Amino acid sequence: MLDRRHRELISAGIDGELTPREQAELDELLAASDEARALHTELLAVGGLLDSLPRVAPPPELAERVLSRAAPRSGNWPASGAGCCTPKSQAVTMISSRSEDIRCWRRDL
């Protein structure tokens, strides 16, 4: 069974986010593991399917609906957005009322 690090390495490789050293590690993993190659192939296929879907613009009121339902956890959030956290990575995604103004911030949780 592939561990989390290997699954993340495969995903990052597909997204083109690897350093040369990480790419070499991925290449070695794919050469050595049938399971890694199978997952890599499956994720490439899923990405191809997603790319083939038609692009649809979100409804204009989507940002307002999301913001109206999201409640900040503390007073540290900017007034223009609401937060969604993933504690393990300590990533905080901010959603603004402007679709082009989506930011990822990091902070200790």
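Counting only other residues whose beta carbon sits under 14 Å from that of E25, what net charge do I get with K and R as +1, D and E as -1? Charge balance in the 14 Å sphere: -3.
Just add up the charged neighbours of L50: K/R +1, D/E -1, any other residue whose Cβ is under 15 Å from the Cβ of L50. It works out to a net charge of -2.
Listed values for segment 6-15 are Karplus-derived 3J(HN,Hα) couplings in whole Hz (6.51 cos²θ - 1.76 cosθ + 1.60, θ = phi - 60°), namely 5, 5, 5, 5, 4, 4, 5, x, 5, 7, and x replaces Gly and Pro. Note on V66, V46, V56: ascending count of other Cβ atoms within 10 Å places them as V56, V46, V66, the fewest first.
The label point for E64 and the one for R4, both projected 7 Å from the Cα toward the Cβ, are 4.0 nm apart. Annotation: extensible slack from R21 through R37 equals 3.9 nm (criterion: 0.36 nm per residue apart, minus Cα-Cα distance).
Computed from the coordinates by the stated procedures, all read-outs in this text should not be read as laboratory data. A quick note: this is a predicted structure, and the numbers were derived from the prediction, not measured. No Cβ is skipped: glycine too gets one built from the backbone with ideal geometry, and neighbour counts run over all protein chains shown.
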